[in-house]
Amino acid sequence: MLANMATLRKLHMLHRACTLNNTTRGASKVVPAMMSCLPQPSGSLVPQCSRTFALFGSTLTHVDDFTGRFTNQVYDEEDEEEDFMEDQEVEELFQELQPNTTSPGGHHRVFVVHPDVKWGSRKQYLTTAELMMAEAVGLINTLDKWTVVDKLILSTKTPEKKMIFGKGNFQTLTEKIRQTAGITAVFVNVERLSPLSERALEEAWGVKVMDRYSVVLHIFRCNARTKEAKLQISLAEIPLLRSRVKNEFMNLDQQGGGSRYIGGSGETQMEVQQRLLKEREMKIRSALEKLKRRRHLLRSRRKHKEFPLVSVLGYTNCGKTTLIKALTGDSHLQPKNQLFATLDVTVHAGQLPNRMTALYVDTIGFLSQLPHQLIDSFSATLEDIKHSDLLVHVRDISHPETTNQKSNVLNVLKNLQVPDRLLSSMIEVHNKIDLLDKYEATEPDALPISALEERGLEALREVVEEHIVASTGMRALSLKVKLSTPQLSWLYKEAAVQDVSVDADEGSAVVKVIISGAAYGRYKKFFVDG
């Protein structure tokens, strides 16, 4: 509490400095310093509710306008007339409120406890406590220099209460934690701990306390590389910081010192902090809105080129990136066997059996029990799913929780209000059959594959092609062209040329193509009707 009082005194001094210069320019110089003095969460970063979520990041690619080929490159930000935010400014926003979730040196020795709810609305019916514990341990092991030193599944009737467990089980847990040497943090595997619960548990155990969301968000922080990913993570942290500010000052009010006005401004210390958070939130949302418009522009360019878009999605670590690498041969993709190895959406070109080019969108994995605030923060980048021509749902069929994972993914898509046409045509892929002694089909239309061993990929390509042709209105035509005209080169650019049979005597060729209705209309206008 003394540390909190010192923080508030520092805020008071900074605010007095800010009031000496009432201009916008002067105030803006003081805001970052004040923001860095906000009460910091110890482990938990963003509030939660019982929602499943998917996260999509920001790496974009573009189409070569001259050749019509799709190149797997990051979109050139210099193509925009004005960049939405400087790198340094984004980095400052990303670092200002970064909670200190690690010990000195970045190490954490973590005790994991899973509250097993036996009945009621919070009971998990599609999984078990043991499997949920295994996923919690996997999250910790994803982080470099973090290790699990012990774990415990403990039953509870009242997970919503401040101490999570009943008196007897809480005492048992406390003794276990105190007897385990070297613990630096406790991971309580619940969606979200309230600030009140977190502080009470830290006082009882004497170490940092983290919930499921704070651990996942810290993983995101460690993996964030692009501007948009960093901004979205910073935006997702604001709701918790706002609730923590309120909680800190409520606690000080009880001691008679939390409602003082600052420098005659008419604002209390809490109001100042809340206002600064609001200003920060508006700044981030403005930058993300510009990125949203940029994404819309890129999507329009892809539509103009009429490349079909296939979104590959699934639970985290199901093998999406490995599959896309196998389908496209893109050597730049480097799949990793860990949760949330990639945060950014990337687009990669692959050829279908009919020689049509399809664009595969690689997305970050889905995860259960994460809050709607994070979904809201990343809402702009979720639109690519809705604008796809086809969805491919990849499942790790070897995972013991594969049924529960499928349910979580479908719930995400439902919450995103994905169009029925996409849900009804979605291809389900059973990946990692190489890890099973004997694969047995559980869904009649699912395609069994091993992305790692590239088994079953030809059948998948054929099904993708069939769905793409049906959903995009592509037509298979044989067109007779004159070789003395630009007809053939035009078709190579605007359609998928499958075969060319040349008649040298006649100076013509019969060209078999896959072409969209719109492109065929342009072809007739340029070379037939004209």
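Within segment 433-456, the set of residues being within 26 Å of the chain's Cα centre (by Cα) and surrounded by fewer than 17 Cβ atoms within 10 Å (Cβ to Cβ) comprises Ala446 only. In this entry, Glu466 is excluded by the filter for residues that are in contact with a helix residue (DSSP H, G or I) (Cβ under 6 Å, 6 or more places away or on another chain), under 22 Å from Gly350 (Cβ atoms), surrounded by fewer than 17 Cβ atoms within 10 Å (Cβ to Cβ) and at pLDDT 90 or above.
Looking only at residues of segment 270-313 that are hydroxyl-bearing (Ser, Thr, Tyr) and in a helix (DSSP H, G or I), we find that the one that is modelled with the lowest pLDDT is Ser300.
For segment 156-167, a residue qualifies if it is over 13 Å from Val209 (Cα atoms) and open to solvent by less than 50 Å² (accessible area, probe 1.4 Å), and the qualifying residues are Thr156, Thr158, Pro159, Phe165, Gly166. Filtering segment 376-391 to residues that are open to solvent by 30 Å² or more (accessible area, probe 1.4 Å), part of a helix (DSSP H, G or I) and either modelled with pLDDT of 70 or more or touching a strand residue (DSSP E or B) at 6+ places or on another chain (Cβ under 9 Å) (or both) leaves Glu383, Lys386. All but one of (1) modelled with pLDDT under 80; (2) more than 15 Å from the chain's Cα centre (by Cα); (3) under 17 Å from Ser388 (Cβ atoms) hold for Pro335; which doesn't? Tallying (1) modelled with pLDDT under 80; (2) more than 15 Å from the chain's Cα centre (by Cα); (3) under 17 Å from Ser388 (Cβ atoms), Pro335 fails exactly one: (3).
Quick grid of which residues meet (1) among the basic types (Lys, Arg); (2) without any contact (Cβ under 8 Å) to a residue 40 or more places away in the chain:
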{"position": "Gly168", "(1), (2)": "no, yes"}
{"position": "Thr180", "(1), (2)": "no, no"}
{"position": "Thr184", "(1), (2)": "no, no"}
{"position": "Ser197", "(1), (2)": "no, yes"}
{"position": "Val215", "(1), (2)": "no, no"}
{"position": "Asn223", "(1), (2)": "no, no"}
{"position": "Lys227", "(1), (2)": "yes, no"}
{"position": "Leu235", "(1), (2)": "no, no"}
{"position": "Ile238", "(1), (2)": "no, no"}
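Do you know which residues across segment 176-203 are surrounded by fewer than 20 Cβ atoms within 10 Å (Cβ to Cβ), polar (S, T, N, Q) and over 26 Å from the mean Cα position of the chain (by Cα)? Those that are surrounded by fewer than 20 Cβ atoms within 10 Å (Cβ to Cβ), polar (S, T, N, Q) and over 26 Å from the mean Cα position of the chain (by Cα): Gln179, Thr180, Thr184. Evaluate the following for Ala200: is it over 26 Å from Gln273 (Cβ atoms), assigned to a helix (DSSP H, G or I) and at pLDDT 85 or above? No; evaluated as a whole, the condition is false for this residue. Among the residues examined, Thr147 qualifies as under 19 Å from Val215 (Cα atoms), hydroxyl-bearing (Ser, Thr, Tyr) and surrounded by fewer than 16 Cβ atoms within 10 Å (Cβ to Cβ). Counting only residues that are at pLDDT 85 or above and β-branched (Val, Ile, Thr), segment 203-232 holds 3 of them.
Counting only helices (runs of 4 or more DSSP H) that fall entirely inside segment 433-530 and contain at least 1 residues that are on the phi > 0 side of the Ramachandran plot, no element qualifies. Remark: Leu235 falls outside the filter, which requires a residue to be under 30 Å from Ile364 (Cα atoms), crowded, with 19+ Cβ neighbours inside 10 Å and at pLDDT below 80. Of the residues making up segment 364-375, those that are open to solvent by less than 10 Å² (accessible area, probe 1.4 Å) and either modelled with pLDDT of 90 or more or outside any strand (DSSP E or B) (or both) number 4.
Of the residues Ala519, Ala509, the single one that is closer than 20 Å to Val469 by Cβ and among the small types (Gly, Ala, Ser) is Ala519. So, Ser425, is that one surrounded by fewer than 17 Cβ atoms within 10 Å (Cβ to Cβ) and modelled with pLDDT of 90 or more or not? Criteria met by Ser425.
Residues in segment 204-219 that are of a type outside the set (Val, Ile, Thr) and open to solvent by less than 10 Å² (accessible area, probe 1.4 Å): Met210, Asp211, Arg212, Tyr213, Ser214, Leu217. Number of residues in segment 150-174 that are over 20 Å from Val207 (Cβ atoms) and outside any loop (DSSP other than H, G, I, E, B): the value is 4.
Selection of segment 83-130 for residues being among the hydrophobic types (A, V, I, L, M, F, W, C) and at pLDDT below 80 yields Phe84, Met85, Val90, Leu93, Phe94, Leu97, Trp119, Leu126.
The values are calculated or read from the model by the stated rules, or taken from the named source; none is laboratory data. Predicted, not measured: the structure shown is a model, and the values here were computed from it. Here Cβ is always computed from backbone atoms with ideal geometry, including for glycine, and neighbour counts include all displayed protein chains. The area values use the complete protein model at the heavy-atom level, side chains included, leaving out ligands, DNA and RNA. Shrake-Rupley method; radii C 1.70, N 1.55, O 1.52, S 1.80 Å.
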